[in-house]
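Here the structure comes first, spelled out in structure tokens, and everything after it is commentary.
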Amino acid sequence: MKKSFRQAINDYKAYILSFAAVFFTVFIVYHHTVNFNFTYHDDTTIIMAKTENMDSFAKIISVLKEPVFNEVNNMFFRPFLNLSFFIDTVISGGELGFYHFSNIMLHIAAVFLILVFLTLLGYSITSSLCVSLLFAVHPALSSAVSWIPGRNDILLAIFIILLFIFFIKNLKSDKIYLYFLMFICMLSALLVKETAVAVPVLFVFYVIFDKIRLNKAKALKITFFILAAMLIYIFLRKAGMLHGTYVFNPAGITKNLFSSVFSLSWYLGITFFTEKLLLLPEFKASFEIMLKGLIPVLILALLAVVCRKNINFNRIWFGIIWFFVFLLPTFSMSSTIYHPHRLYLPLAGIMIVLLEIYSAVVKTYPKSKKAFCIIVPVLLLTFSFISYKRSFYYEDRVSFWFPALEENPVSAVPNAAIARYYLENNDYNNAEHYALKIINLTDKPSSIDFTRAGDVYIAKQDYEKALEYYRKAIQTNKFNEHPYLQISKYYESQENGPAAIDIIKQGLAIMPTSPLLIKRLKVLNKEIEDDGYIIIMKYNKN
């Protein structure tokens, strides 16, 4: 037994040391984030507003069925993201540092799995480690680690990389447990983020590019388990959606894809140039953006041509397709904001391309290996410093939103956050200024924009204007629970109980399963006390 244990240690010594390198590198760069607060960007709705149902494991089903965002955004059914925050909350009691600690640990796991994946593709563990460490500290991914909701892309990467590891191992063997592991990873990835639906496409390209002879029986087994995972996901999605339906709009998606050329250039640019990483990138097409995306592509293409005798172009194409496939959903959205953390999984494809080109350059010009021994540590230190410094933008709402507003003064998103900040700090004049600025900035203000203006006028005790904006919020989106609740609270403060109950019933007629509206009705009917959230988030005041 003792001998076999030593043998196992020796067999996996390189991986153990590589894991240690990944662990300490990530921890050194991001350990301080455990002292960070919330940024009030998405975490308000996907964590803070759900703490009422996170006090015990007995409520796990209700948490899994909740939409990601409070205002029912029926495009996003992501129960495993909810589950990850639920586990953090139950274990820590809402301690903020634990959410950040989880992000760090998940990032370490994802980076190490990418290293294992690259070695399975045939690259040496040394070169795979170098590329994985660069991935670990890449500035474009700092928001995925430092910003709590950014973990969704980390979780997606973990399950999809695991899925590919089991897929590759399954191609070399035919063990039933590998099929089940693939099934579990596929289903888990889908329950984290809808992007996972593209995985079968990459399976096909991998088999084609690596010229793998896949016998019919194995192909049918893989297809069966993957389809089974997708069908179960569709069933769960349909059962889990509380209300509302997603309307598939092919024309709109196609239009968004064709208009995404500049955003693609931007993503390519921040992969290789890091000096202009915006917090909330919302930009217009420009020659500079196109150039920054085009230059590194041309350089890599030139290197590939020069070293063509020693390069595996099929592997290059696989990496490129990986990048595009996992970034494609971002381009299909109508949003003009492109978050850097969405590059997390697509960047693994770029790592494959870089590894293949590096291998070809070293084979073609053996002396270049000494140059890479200098370049890689320099890049690693540079990326680490930038990521460390950049992480502090996610320290709290002030650190995040005021710089974001400075970057994009005419963007509705940072203006909305600043309005909320001033409202919560009782600066009602500034809150009104930014709340109305949001409405004036857009041709079609959202339901949340009108709701926020209503909240400001409630605070200013201008109830007539408040009710006007709340009603506009309901007209814009009848599935927004907040205005129903606020109007109800106003009528209750005026001792008009019947009107307070009536508006809640109007909301329940549209959203009969809304936990917030159901609870509010019980409070008004004096069936339960209005005890607020069961768990109070513990803010770090430092």
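Computed values, structure above
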read-out: Counted charge near residue 194, where neighbours are those whose Cβ lies closer than 15 Å (Asp, Glu -1; Lys, Arg +1); value: +4
read-out: Within the chain, longest stretch free of exposed GluC sites (Glu not before Pro) [DSSP loop, at most 10 other beta carbons within 10 Å]; value: 1-274
read-out: Options (1) 165; (2) 175; (3) 136 - which one matches volume of the Cα convex hull per residue in Å³ as calculated here; value: (2)
read-out: Cα gyration tensor, the range 116-229 - rounded (a/c under 1.5), prolate or oblate; value: oblate
read-out: Solvent exposure of the chain as accessible area per residue, Å², 1.4 Å probe; value: 48
read-out: Largest-first ordering by accessible area, 1.4 Å probe, given options 427, 174; value: 174, 427
read-out: For the range 123-184, the spread of Cα positions along each principal axis, largest first, Å; value: 40, 30, 10
read-out: Using alpha-carbon coordinates, inclination of helix 79-92 to the longest axis of the chain, degrees; value: 80
read-out: Net charge, residue 356 excluded, C-beta distance under 14 Å - Lys, Arg +1, Asp, Glu -1; value: +3
read-out: In nm, spacing of pseudo-spin labels at residue 499 and residue 205 (7 Å Cα→C-beta vector); value: 5.9
read-out: On Cα atoms only, tilt of 447-459 relative to the major axis of the chain in degrees; value: 50
read-out: Residue-level accessible surface for residue 6, protein heavy atoms, 1.4 Å, Å²; value: 150
read-out: Carbon + sulfur, % of accessible area of the chain - ligands and nucleic acids excluded, 1.4 Å; value: 65
read-out: C-alpha long axis of helix 261-272 to longest principal axis of the chain, angle in °; value: 60
read-out: Rounded FRET efficiency, nearest 0.05, which uses the C-beta distance separating residue 527 from residue 9 and R0 of 45 Å; value: 0.15
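The values are calculated or read from the model by the stated rules, or taken from the named source; none is laboratory data. Note that the coordinates shown come from a computational prediction; the quantities given were computed from them, not determined experimentally. No Cβ is skipped: glycine too gets one built from the backbone with ideal geometry, and neighbour counts run over all protein chains shown. For accessibility, only protein heavy atoms count, side chains too; no ligands or nucleic acids. Shrake-Rupley method; radii C 1.70, N 1.55, O 1.52, S 1.80 Å.
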